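I have placed the structure first, in the form of structure tokens, so that the comments after it can refer back to it.
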Amino acid sequence: MTSPNSTLPGLAGHPHFHYQNGILHAEGVALDALASQLGTPLYVYSRAALAQAWRTYSDAIGTRPVLVCYGMKANSNLAVLKEFARLGAGFDIVSGGELKRVLAAGGNPAKVVFSGVGKQAWEMRAALEAGVKCFNVESQAELQCLSDVAQSMGQRARVSLRVNPDVDAQTHPYISTGLKENKFGIAIESALDAYRTAAALPGLEIVGVDCHIGSQLTDISPYFDALEKLLDLIEQLDAAGIAIQHLDLGGGLGIRYTDEIPPSPKALLDQVFERLQARGMAHLHLVLEPGRSLVGNAGVLLTTVQYLKHAQARNFAIVDAAMNDLLRPALYDAYHGVQPVAPRDGAAIEYDIVGPVCESADWLARQRKLALQAGDVLALESAGAYAMVMASNYNTRARAAEVMVDGSRHYIVRQRETLDDLLRGESTLP
Ligand code: LLP
């Protein structure tokens, strides 16, 4: 959406970031002023963009029985969680730490599903104490451990088995999870056996079937390949006397980083419910675990150009953000759009946008045509998901601050780390 004042188009896929009087804004907040007030690198999220992304799910669901459990690993800032909790979301967690965040943000534990291949006993205990909706269990060994923990607490843990349907999600290999060679889930051929094991364990109550086939999916057909296999399994379970209440299809819907046209939640849900009807399984409740599609395009990372360096083979814009702030380019060769916050006139030339970290992999964007000067502030697009959460302190760099914009106001939702924070907890030998 661009405002009537726009002199430049809005950012690709970012509904609430737009140019007004030549300056990039998040909703009603000018980002040049925000950068000079709070410093950079700075993550900026738009509350309205979060709400709009949420609506793409809630409108698509209508009155159908679907629980959206936000895949909070994408962005676990308390302000983001609180926003989704307020909108009625549940949460997909993968650690005791994430559970602590959900509870701190006022999330409803009865809407929490606990995923992950390596849950530890203390994490299971904490989740049982909190009363989570379901554990998505990924191995026979984990079934046994969970049953023991639940029994020791005089409880029965509600479980789904995460089934690996062996489908190709056609996404980056590091974020594809539903293939045989991935560490995730229980192979579909062994699933019936694993369910029988689960049914025989005294500390467990079977409630669902779960899968998650990968992330940044730009085509929905892999979901339906998985769905058919899962529905076959549910039929077999039914015949074996094991009743399934819900089907969890995981997360994975992609977002637009550049020119992708990702499928909508509505397209996915309409077809899923059509299949459920067709196969006489309309009684099943559905769980979804979207992460990226709820937050990815609700945030940008602001960074300031420190130096321009015109080397023989390339022009470099050396900025104050680095791979420790935004790891996706280094790790996945990922593309993030780059926009000047205050575009200037002048000849655009091709730059590699790189950080100060001592690694050749420390790049944020490559071969972008920009007119730049030192001191310019750039916005890295699509930085709402898997960005700040993957930040580190490599090179003893303090992690960035995070801000949430709401209309014409902004709120610091995470203070910039200080160098003292970085040294805290360390000591030398006497
Ligand atoms: N459920 C499970 C069990 C997951 O493992 C994930 C993501 C999600 C849900 C949420 O998926 P989403 O809707 O966000 O695609 N760091 C990578 C992405 C890793 C995804 C890990 N699992 C990246 O930056 O692209």
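The values are calculated or read from the model by the stated rules, or taken from the named source; none is laboratory data. The shown structure was predicted, so the numbers you read here are calculated from the model rather than taken from an experiment. We place every Cβ from the backbone using ideal geometry, glycine too, and count neighbours over all the protein chains shown. When the accessible area is computed, the model is the full protein with side chains, heavy atoms only, and any ligands, DNA or RNA have been set aside. Shrake-Rupley method; radii C 1.70, N 1.55, O 1.52, S 1.80 Å.
Okay, here's what the table says:
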item	result
Flag for Ser408 being of a type in the set (Gly, Ala, Ser) and at pLDDT below 95	no
Members of the stretch 87-132 that are among the β-branched types (Val, Ile, Thr), within 19 Å of the chain's Cα centre (by Cα) and under 24 Å from Gln144 (Cα atoms)	Ile93, Val94, Val112, Val113, Val117
Conditions (1) open to solvent by 30 Å² or more (accessible area, probe 1.4 Å); (2) within 20 Å of Arg64 (Cβ to Cβ); (3) within 16 Å of the ligand (Cβ to nearest atom); (4) modelled with pLDDT under 95; number of the one not met by Ser264	(4)
Which numbered condition Val413 misses (of (1) β-branched (Val, Ile, Thr); (2) more than 27 Å from Leu24 (Cα to Cα); (3) in contact with a helix residue (DSSP H, G or I) (Cβ under 6 Å, 6 or more places away or on another chain))	(2)
From Arg328, Arg344, residue being closer than 30 Å to Val66 by Cβ and assigned by the TED database to the domain that holds Met404	Arg328
Ala371 vs. criteria under 26 Å from the mean Cα position of the chain (by Cα) and within 18 Å of Val319 (Cα to Cα)	no
Cross-chain or 6+ apart pairs with Cβ under 6 Å, the stretch 385-409 first and away from the ligand (no atom under 16 Å from the Cβ), then among the small types (Gly, Ala, Ser) and open to solvent by less than 20 Å² (accessible area, probe 1.4 Å)	Arg399/Ala391; Val405/Ala26; Val405/Ser46
Count of the stretch 390-410 residues which are among the β-branched types (Val, Ile, Thr) and open to solvent by 60 Å² or more (accessible area, probe 1.4 Å)	1
Members of the stretch 356-380 found to be open to solvent by 10 Å² or more (accessible area, probe 1.4 Å), touching a residue at least 24 places away in the same chain (Cβ under 8 Å) and under 21 Å from Ile23 (Cα atoms), listed by number	Arg368, Leu370, Ala371, Leu372, Gln373, Ala374, Gly375, Asp376, Val377
Test: residue in the stretch 269-276 that is surrounded by fewer than 19 Cβ atoms within 10 Å (Cβ to Cβ), within 16 Å of the ligand (Cβ to nearest atom) and under 21 Å from Pro222 (Cβ atoms)	no
Lys180 vs. criteria touching a Cys at 6+ places or on another chain (Cβ under 7 Å) and either under 25 Å from Pro65 (Cβ atoms) or at pLDDT below 95 (or both)	no
Candidate set: the stretch 287-342, residues that are buried (at least 24 other Cβ atoms within 10 Å of the Cβ) and β-branched (Val, Ile, Thr); chosen: the one farthest from the ligand (Cβ to nearest atom)	Val341
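Listed here are the residues, each with its yes/no results for (1) in the same structural domain as Tyr332 (by the TED database); (2) over 20 Å from Leu286 (Cβ atoms); (3) within 16 Å of the ligand (Cβ to nearest atom); (4) not in a helix (DSSP H, G or I).
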site: Asp193; (1), (2), (3), (4): no, yes, no, no
site: Val207; (1), (2), (3), (4): no, no, no, yes
site: Asp225; (1), (2), (3), (4): no, no, no, no
site: Leu231; (1), (2), (3), (4): no, no, no, no
site: Asp238; (1), (2), (3), (4): no, no, no, no
site: Ala243; (1), (2), (3), (4): no, no, no, yes
